1. Evaluate the following for A:Val56: is it open to solvent by 60 Å² or more (accessible area, probe 1.4 Å) and of a type in the set (A, V, I, L, M, F, W, C)?
2. Kindly list, by first and then second residue, each pair from a residue in segment B:1-17 that is within 14 Å of chain A (Cβ to nearest Cβ) to a residue that is open to solvent by less than 30 Å² (accessible area, probe 1.4 Å) and assigned to a loop (DSSP other than H, G, I, E, B), limited to pairs with Cβ atoms under 9 Å and residues at least 6 apart or on different chains.
3. Do the conditions hold for B:Asp139, that is, is it closer than 21 Å to A:Val203 by Cβ, more than 7 Å from chain A (Cβ to nearest Cβ), charged (D, E, K, R) and touching a residue at least 60 places away in the same chain (Cβ under 8 Å)?
4. For segment B:109-132, which positions are more than 7 Å from chain A (Cβ to nearest Cβ), touching a residue at least 24 places away in the same chain (Cβ under 8 Å) and open to solvent by 40 Å² or more (accessible area, probe 1.4 Å)?
5. Look through segment A:161-214, keep the residues that are closer than 15 Å to A:Gly31 by Cα and of a type in the set (D, E, K, R), and return whichever of them is most open to solvent (accessible area, probe 1.4 Å).
6. Tell me which residues, restricted to segment A:86-114, are among the aromatic types (Phe, Trp, Tyr) and in a helix (DSSP H, G or I).
7. So which residues in segment B:154-167 are modelled with pLDDT of 90 or more and facing another protein chain (nearest Cβ under 7 Å), if there are any at all?
Amino acid sequence: MINTVNLVKIYQNGGVPVPAVRGVDLRVERGEFVAIMGPSGSGKSTLVHMLGGLDVRTSGEIWLDGKRADTLGESAWALLRRQKIGFVFQFFNLVTNMTVADNVELPALLAGASPREARERREHLLGALGLTGRADAAPAQLAGGEQQRVALARALANRPSLLLADEPTGNLDSRNTRDVLGLLGEVHRDGQTIVLVTHDARVASLADRVVSLLDGQIVDDGAVRAPRRRPRGTAGDVVELRG
Amino acid sequence: MRPFLLALLAKEPAHGYELKQALEQIFGSAYPSPNIGQIYVTLGRLEKDGLVRAVDVEQSNRPNKKVYYLTAAGREALDDWADEPSEGPRVRDEFFMKLVLAPMTGIADRMTLISRQRRHYLGLMRDLNEIAERTPGEDRVALLLIEGAMLHLQADLDWLERCQEDLS
């Protein structure tokens, strides 16, 4: 699904080169859920932005679905995103003069869905995220956590083959995080490929694999496994009260 | 278990089996179902220390049962328990010692230790997620305990990240 080869991003800051991503080789299989973790400034957001064509690489290669993508122009990337990629931004980027419902339906309509399909998909996604009652609101009327969930619904509207997300639960309280975890789990079970940047261990622990970045390089890459199988474990086993 | 039994007896006198049922009812799955033998042993010790006293209550067709009630000294011990601050969880001492000492001796690399520990914490988090999913929504005490454990794990992971930044 995704393959990067020696991917590098160097920003120019007043003539001073600042390396953000320093030679990343990352391979993600179709249907895989990969969480990217690491301290702030480790290059996580830059990496996921490059995978979505929202940031131009300095050198190296990006392959999506077996096709070279890093050499595409802006309009070709826009087309690719419309067809295949859903992106959840850290700061939502909702269209301010459209309702929540229209924000979510738009990508599906652009991708060629019928109005009815787009509406049904939107109703399902907003329902799963506890936002059914907010469909007719404008983004500015929503709290930050609500906008963030709308951004996730929008990214999933056209059933993209790849979901990219930058801190999709950064503004959410526990209960809303649980809704997001539920939806991510659902689409992942349906075969959705997911690559997301997160600090939230609850999100990362759902992933098949966690990639850790430090100073723009991968320092760890491995599967997440529950330490022991306890088919009937309860809270009492984990949080042991001592008498 | 001593203060828990004192607290339950402060509410009303009870016999051993009632105390076991009360713990199960209040904590649900958040407290491993207490062993009745353990409850009687603890009650015996509390009685010896003068914190509770027992009276025999006659039952028709059955042996007498012992009903326990709180003494003034027991009430005082319970007040002390409620008033004193509880020890908070500390930094994982053993991992911290490993992190500091292992690289000195050349037996392990710090980054490897941190990465392994991170995977372990994430695995625990996955376990907690699964337990939370299986816990019924009305079992609020259990869910709060699970959430507490999750928040502690998140703090441990954030701290690992700090170690990684500063020690690399």
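1. Values: open to solvent by 60 Å² or more (accessible area, probe 1.4 Å): yes; of a type in the set (A, V, I, L, M, F, W, C): yes.
For A:Val56, the condition - open to solvent by 60 Å² or more (accessible area, probe 1.4 Å) and of a type in the set (A, V, I, L, M, F, W, C) - is met.
2. From residues that are within 14 Å of chain A (Cβ to nearest Cβ), the pairs are B:Met1/B:Pro34; B:Arg2/B:Leu51; B:Phe4/B:Tyr31; B:Phe4/B:Pro34; B:Leu6/B:Leu51.
3. Details: closer than 21 Å to A:Val203 by Cβ: no; more than 7 Å from chain A (Cβ to nearest Cβ): yes; charged (D, E, K, R): yes; touching a residue at least 60 places away in the same chain (Cβ under 8 Å): yes.
Judged against the criteria, B:Asp139 is not a match.
4. B:Arg110
5. Looking at residues that are closer than 15 Å to A:Gly31 by Cα and of a type in the set (D, E, K, R), I get A:Arg189.
6. Residues of segment A:86-114 among the aromatic types (Phe, Trp, Tyr): A:87, A:89, A:91-92.
Selection gives nothing.
7. Of everything in segment B:154-167, those that are modelled with pLDDT of 90 or more and facing another protein chain (nearest Cβ under 7 Å) turn out to be B:Gln154, B:Leu157, B:Glu161.
The rows are residues; the columns are (1) in contact (Cβ under 8 Å) with a residue 24 or more places away in the chain; (2) in contact with a Phe, Trp or Tyr (Cβ under 9 Å, 6 or more places away or on another chain); (3) part of a helix (DSSP H, G or I).
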position	(1), (2), (3)
A:Asn158	yes, no, no
A:Leu163	yes, yes, no
A:Gly170	yes, no, no
A:Arg178	no, no, yes
A:Leu184	yes, yes, yes
A:Ile194	yes, yes, no
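The values are calculated or read from the model by the stated rules, or taken from the named source; none is laboratory data. Please read these numbers as outputs of a predicted model, since none were measured by experiment. Ideal geometry is used to build each Cβ from the backbone, glycine not excepted, and the neighbour counts take in all protein chains shown. Each accessible area value is taken on the protein alone, full model and side chains, heavy atoms only, with ligands, DNA and RNA left out. Shrake-Rupley method; radii C 1.70, N 1.55, O 1.52, S 1.80 Å.
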